[in-house]
Amino acid sequence: MSRPTAPRFADRRRATIGTREQRANARRSPGCVRCAAPWLIVALLASLPFFSALGAQFLVYDDPMMIAENPGLWSNYGSGLAEFWRRPFFEIYAPVTFSTLWLLAQLDAALGLPTPDPRVFHAASLLLHAVNAILVVSLIHRQGVGRWAAAGGALVFAWHPLQVESVAWA
């Protein structure tokens, strides 16, 4: 009885790597850094014009009333949070917005920053804007547009002057 021979090197390589189609799909994998470059670049470039907002104070319009002087935000317990879902605050019923502000106020207090510190609120707005720009790249790319063209379209969204209010204001 003869011993079975080991497969040749080329056969072993083919067996571990997979079919030609699987190897081609692995090269096109969206997990590679080169493929993700448009998304990462858009996140950075979308934030760039708004970095100066990190050093800004609260605006005098409604930020003091909605953030700094809002007793529901600065309670240590969830009672303020629950109250935002029960009834309007200053005739504004926006429970998701006030819940987000409450979480940021708790983060502000946990970091030991002078309360309220506008940098926490501005940084959260800036991070949310970068994530939205990434989502816009993905949305445009899913429509069949190339990655770099989708990135350009997302930058038009991210740099549009109307974005200043939602990003730079707390």
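The values are calculated or read from the model by the stated rules, or taken from the named source; none is laboratory data. Worth saying up front: this structure is predicted, and the values here are computed from it rather than measured. Methodologically, a virtual Cβ is constructed for each residue, glycine included, from the backbone with ideal geometry; neighbour enumeration extends over all protein chains shown. All accessible areas refer to the heavy atoms of the entire protein, side chains included, with ligands and DNA or RNA removed. Shrake-Rupley method; radii C 1.70, N 1.55, O 1.52, S 1.80 Å.
Of all residues in region 57-77, those being part of a helix (DSSP H, G or I) and open to solvent by 50 Å² or more (accessible area, probe 1.4 Å) number 1.
Kindly establish whether Phe90 is of a type in the set (Phe, Trp, Tyr) and within 23 Å of Phe51 (Cβ to Cβ). The answer is no for Phe90. Being part of a loop (DSSP other than H, G, I, E, B) and aliphatic (A, V, I, L, M) is a property that does not hold for Leu44. Scanning for something at pLDDT below 80, exposed (fewer than 11 other Cβ atoms within 10 Å of the Cβ), outside any helix (DSSP H, G or I) and over 18 Å from the mean Cα position of the chain (by Cα), does region 13-23 turn up at least one residue? The answer is yes, given that some residue of region 13-23 is at pLDDT below 80, exposed (fewer than 11 other Cβ atoms within 10 Å of the Cβ), outside any helix (DSSP H, G or I) and over 18 Å from the mean Cα position of the chain (by Cα).
Only residues in region 154-166 that are farther than 12 Å from Asn132 by Cα count as the first member; pair them with residues that are part of a loop (DSSP other than H, G, I, E, B) and modelled with pLDDT of 90 or more, Cβ under 6 angstrom, at least 6 apart or cross-chain, and list the lot. From region 154-166, no pairs qualify. Considering Ala68, Ala94, Ala56, Ala82, the condition of being touching a residue at least 60 places away in the same chain (Cβ under 8 Å) and small (Gly, Ala, Ser) is satisfied by Ala56 alone. Against the condition assigned to a helix (DSSP H, G or I), open to solvent by 40 Å² or more (accessible area, probe 1.4 Å), at pLDDT 80 or above and touching a Lys or Arg at 6+ places or on another chain (Cβ under 8 Å), how does Leu54 come out, does it pass? It is true that Leu54 is assigned to a helix (DSSP H, G or I), open to solvent by 40 Å² or more (accessible area, probe 1.4 Å), at pLDDT 80 or above and touching a Lys or Arg at 6+ places or on another chain (Cβ under 8 Å).
If I ask for residues that are open to solvent by 60 Å² or more (accessible area, probe 1.4 Å), β-branched (Val, Ile, Thr) and within 12 Å of the chain's Cα centre (by Cα), which ones from region 102-143 would you list? Val131 - this is the single residue of region 102-143 that is open to solvent by 60 Å² or more (accessible area, probe 1.4 Å), β-branched (Val, Ile, Thr) and within 12 Å of the chain's Cα centre (by Cα).
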